[in-house]
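Here's the structure we're looking at; comments come further down.
The values are calculated or read from the model by the stated rules, or taken from the named source; none is laboratory data. All figures in this text were calculated on a predicted structure; none of them were measured in a lab. Note: ideal-geometry Cβ built from the backbone for every residue, glycine included; neighbour counts use all protein chains shown.
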Amino acid sequence: MSKPQYKWIGTRPDRPDGADKVTGRARFGADFNLPGQLVGKVLRSPHAHARIRSIDTSAAEALPGVKAVVTAADFPEQADLIVPTGEMQVNLRDITRNIMAREKALYEGHAVAAVAATSEAIAKQALGLIKVDYEVLPHVIDVAEAMKPDAPILHESLRTEGANPPATTASNIAKRIEFKKGDTAAGFAQAEVVIERDYSTQAVHQGYIEPHAALASASEDGQVQLWSTTQGHFQVRGFCSRLLNIETSQIRVTATEIGGGFGGKTVVYLEPVAIRLSQKSGKPVKMVMSREEVFRASGPAPGGNVKVKIGATKDGRIVAAECTVEMQAGAFPGSPVGPACMCSYACYDIDNIHIVGFDVVSNRPKVAAYRAPGAPISAWAVESTIDILAQRLSMDPIDLRLMNAAKKGTKTAYGVTFNTIGMVETLEAVKNSDHYKTPVKPGYARGVAAGFWFNVGADSSAAAHVGEDGTVTVISGNPDIGGSRASLALMAAEELGVDYNKVRPVIADTASIGFNFVTGGSRVTFATGLAVVNSVRDLIRELKVRAAKIWNVDPEGVMWENGVAKPAGSNVGEFEPLSIAQLAAQAGRTGGPINGHAQLNVTGAGPGFGVHVADLKVDSDTGVVTVGRYTAAQDVGTAIHPSYVEGQLQGGAVQGIGWALNEEYIYNTKGKLENPGFLDYRMPVASDLPMIETILVEVPNPTHPYGVRGVGEVPIVPPTAAIGNAIARATGIRMTDLPMSPPKLSEALDTATPRMAAE
Amino acid sequence: MAKIHVTTTINGAPTEFLCDANQTLLDVLRDQLGLTGSKEGCGSGDCGACSVTVNGRLVCSCLVLAPEAEGAKVETIEGMADGDKLHPLQKKFVEMAALQCGICTPGFLVASRALLERNLNPTETEVRYWLAGNLCRCTGYDKIVSAVLDVAAEMRAAGVKEAAQ
């Protein structure tokens, strides 16, 4: 199939918000202020698990300058009702307890009260005057510990969903899920090689550089305005509406520029609290988290324990695969164990699969989505095990994966049969790459791993308005987290046949465009992109109607080509083409303003596959890993703005490298987080890394007019195993627990090769 | 406690402000002077999003006390462009997609300019180590490092010399 010829799609123009972002003009969450605003601050639990006997706020309220104090008593009780948020689900009963602890504080850092005061100093002083009477309870941090029958129970009402027989007593296991395909017992009976291993990962934070921030202004008539740094201002509106019993039309949320989210800004923390404080004080209230609060109280991604068993024939055909995932949910149910299970073997065409997952609560902050939620955890285990298989069979790791790769028609363990996908093409692109064909440098070793993510569609609305000079504004409602405005404008320009610079993309507030689901799931360029394309098509339909009126012909007789209306055939008549500017100039006489609209629930998201290659060396004394060369390849559908697609691959790969080598939540015996700062929670810095080479494999998604697939999430899935597999080949030591940090790796090296006493 | 009166120069403009003894330069820039281009990512000097120069020295403004600006020359991201003309680094960052969310970008630009004022011919390793105090979570640093190397080459070709430090 020959590649379609596009004028704008696939080019790399400057992004529409570029100048603002390089001059400091762009306004992020903490950059918004209102006259007369108060400063809001949160009092947080110092205990990992404690019953709240009472809260006395009287001294704080009496402090001059304090204008409002809130506790859980200021928020209405919620029904046990699950609502979608981003790629995760939340229970309203839980979420109101997460934003403000009710009966118990369930993790260190859990909000228990908040104040609004005329200055930050007064607000901080007021927090110190709030007396909370805690009954400290035994806590549990580790998932395996939390699953034991005698573990401290977080929620007395929690019964394991999906347990067989049905659960009758309280447990920290919120849910058991299972996916089956074929017959694994029969499959393992055919196997000539069986590899079985246990793996673990630690909680990691999304690590967005911009802390959570919200500015709320509630009026006496019930209307609320809110500015929030969020991946989904419509979700924020929905949450605040439900959590505070305010009608959605009374709340207007403006998404500020957002300083990173990676899934972590698809939920609410400060927003309902800021609104409640504003309602009580009658003043605007601004709240900004400190970095420490971000670490202690905003959703990290979970850690988990994964057991993997893979059976294959001697020629490399995988005949059976099992996987059990026990995943941290944090203090409330709802870990991404579902996607972790579903993604575990999605890269492969395997006849017999059995996957079991457990969603487990413990005294940690409630987890939030993080780039392909859950998938990196199961991929770490599965892709490491496949590498062991390749070593055992003396097969090239790409060839082994090619032999078992999922393709069009492959049925997954979770029931979906793949349409056109690019797993094989991506593996082949890596095999033929300069990196893979170049021999590994002396002292280095090479690791390979693959990864999968579904990508999602969901609800999007868009509008296209023609200005009186013929330029076009394209309005949508998804916060732009990594350059999506440029991609939307490119698709609109392509569709309209006009210059990219004549199309201005705008992200509207919740009162100015129809509903849009969150920026997440790698959905914006795909789903909101489709809404934009459809709104432009609606606009073109209207433009043709206007040309028809001017020419006094039937609208069917008008065609749209290269940005102008033309007669569709010689039978229509001889007319000079009409540009958008010419049609706009006559709009008043042909029916008024010229606009297009679209709204849809988008289905048919094309899944993405990535294959990463890492060359690295290990310092045998210190356990420090140096990555010398790294390549990320992925089937990206159509790269609308290739620079930002490359950027997604590079950024995701580096987050995965951090996950592999350094990042982890470290708890002490009291259940307190010991590393709530960037010094001790070690994210990759520029000097840790080489250039990240990218290979964009374009396998168009057949369900999108421009072949778009989501690209943002897949890149974080392969890196941990790519790094681990290279370490195994460099040292002969197979690491099974993340992170493979210098202390852990050096200990493993010492155990494997005891040092001379003299050293 | 009485406020401290500070007389300083910010982006070339004589500036006076009143601050508390324990207030940071970042807080004064953002909350009193309306210069919100410098960002607070951590408040502990680990992320570099608040990078400014004080008398030519690259610092995290969250670790500088506001009274320390007395008599100093402070340069922030807001002073980087020359009128309506972007600095070559600013232009290149946009051209090469060296930003995604953009929150770390002001800090990277201020730090990169400080590097090129000292060393117009940095190696990739030198760029990476100079920028190791600035965290970016979106880009993986690749396009940032490439942009800085490209600008250095273009400035050398244009005959620009390092400022005496």
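The residues of the range B:105-128 that are among the polar types (S, T, N, Q) and either surrounded by fewer than 19 Cβ atoms within 10 Å (Cβ to Cβ) or at the interface with chain A (Cβ under 8 Å from one of its Cβ atoms) (or both), listed by number, are B:THR105, B:ASN119, B:ASN121, B:THR123, B:THR125.
Would you pick out the residues in the range B:61-91 that are buried (at least 24 other Cβ atoms within 10 Å of the Cβ) and among the charged types (D, E, K, R)? Listed by number, the list is empty, since nothing qualifies. Of A:GLU108, A:GLU87, which residue is at pLDDT below 95, crowded, with 20+ Cβ neighbours inside 10 Å and not hydroxyl-bearing (Ser, Thr, Tyr)? None of the others qualify; the one that does is A:GLU87. The set of residues from the range A:433-459 being in contact with a strand residue (DSSP E or B) (Cβ under 9 Å, 6 or more places away or on another chain) and assigned to a loop (DSSP other than H, G, I, E, B) comprises A:SER433, A:THR438, A:VAL440, A:LYS441, A:GLY443, A:TYR444, A:PHE454, A:ASN455, A:VAL456, A:GLY457. Does A:ASP150 satisfy being free of Cβ contacts under 8 Å to residues at least 24 places away in the same chain and in contact with a helix residue (DSSP H, G or I) (Cβ under 7 Å, 6 or more places away or on another chain)? When the stated conditions are applied, A:ASP150 does not pass them. Can you pull out the residues in the range A:193-219 that are touching a Leu at 6+ places or on another chain (Cβ under 9 Å) and among the charged types (D, E, K, R)? Scanning the range A:193-219 gives no hits. Among residues that are closer than 21 Å to A:GLY677 by Cα and within 13 Å of chain A (Cβ to nearest Cβ), B:LEU33 is not included. Only a single item in (1) touching a helix residue (DSSP H, G or I) at 6+ places or on another chain (Cβ under 8 Å); (2) within 27 Å of B:ALA147 (Cβ to Cβ); (3) within 14 Å of another protein chain (Cβ to nearest Cβ) is not met by A:PRO690, and it is number (1). With a requirement of 3 or more residues that are over 29 Å from the mean Cα position of the chain (by Cα) and either away from every other protein chain (no Cβ under 14 Å) or without any contact (Cβ under 8 Å) to a residue 24 or more places away in the chain (or both), the helices (runs of 4 or more DSSP H) lying completely within the range A:177-283 that satisfy it span A:184-190, A:271-281.
Within the range A:716-733, not a single residue is surrounded by 24 or more Cβ atoms within 10 Å (Cβ to Cβ), under 30 Å from A:SER45 (Cβ atoms) and within 14 Å of chain B (Cβ to nearest Cβ). Out of all the residues in the range B:7-24, is one or more more than 14 Å from every other protein chain (Cβ to nearest Cβ) and either under 24 Å from A:ALA686 (Cα atoms) or charged (D, E, K, R) (or both)? Yes: one or more hits. Within the set A:VAL613, A:VAL627, A:VAL654, the sole residue that is in a strand (DSSP E or B) and within 14 Å of chain B (Cβ to nearest Cβ) turns out to be A:VAL627. The set of residues in the range A:429-450 that are farther than 24 Å from A:GLU713 by Cα and of a type in the set (A, V, I, L, M) comprises A:VAL440, A:ALA445. Out of the range A:263-284, which residues are in contact with a helix residue (DSSP H, G or I) (Cβ under 8 Å, 6 or more places away or on another chain), of a type in the set (Lys, Arg) and within 23 Å of A:VAL90 (Cβ to Cβ)? A:ARG276, the sole residue that qualifies.
When the criteria are applied in full, B:SER38 meets the requirement of being at pLDDT 95 or above and surrounded by 18 or more Cβ atoms within 10 Å (Cβ to Cβ). Inside the range B:129-151, residues that are at the interface with chain A (Cβ under 8 Å from one of its Cβ atoms) and crowded, with 21+ Cβ neighbours inside 10 Å make up a count of 13. Among the residues of the range A:681-693, those identified as closer than 22 Å to A:SER433 by Cβ, surrounded by fewer than 24 Cβ atoms within 10 Å (Cβ to Cβ) and among the aliphatic types (A, V, I, L, M) are A:LEU689, A:MET691. The residue of the range A:694-705 that is surrounded by the fewest Cβ atoms within 10 Å (Cβ to Cβ), among those that are touching a Ser or Thr at 6+ places or on another chain (Cβ under 6 Å) and at pLDDT below 95, is A:PRO702. Scanning the range A:557-587 for residues that are loosely packed, with under 14 Cβ neighbours inside 10 Å and modelled with pLDDT under 95 gives A:GLY569, A:SER570, A:ASN571, A:GLY573, A:GLU574. Counting only strands (runs of 3 or more DSSP E) that fall entirely inside the range A:82-140 and contain at least 3 residues that are under 22 Å from A:GLN231 (Cα atoms), the qualifying elements are A:82-85, A:88-91.
Residue count for the range B:1-40, restricted to those that are within 14 Å of the chain's Cα centre (by Cα) and part of a loop (DSSP other than H, G, I, E, B): 7. Restricting attention to the range A:482-505, the residues being surrounded by fewer than 24 Cβ atoms within 10 Å (Cβ to Cβ) and in a loop (DSSP other than H, G, I, E, B) number 3.
Is it fair to say B:ALA97 is facing chain A (nearest Cβ under 7 Å), of a type in the set (A, V, I, L, M) and without any contact (Cβ under 8 Å) to a residue 60 or more places away in the chain? Considered against the rule, which asks whether it is facing chain A (nearest Cβ under 7 Å), of a type in the set (A, V, I, L, M) and without any contact (Cβ under 8 Å) to a residue 60 or more places away in the chain, B:ALA97 comes out as yes. For the range A:301-352, which positions are farther than 30 Å from A:SER45 by Cα and of a type in the set (D, E, K, R)? Within the range A:301-352, A:LYS307, A:LYS309, A:LYS314, A:ASP315, A:ARG317, A:GLU322, A:ASP349, A:ASP351 qualify. Applying the set (1) within 14 Å of the chain's Cα centre (by Cα); (2) in contact (Cβ under 8 Å) with a residue 40 or more places away in the chain; (3) within 12 Å of chain A (Cβ to nearest Cβ) to B:GLY102 leaves exactly one unmet item: (2).
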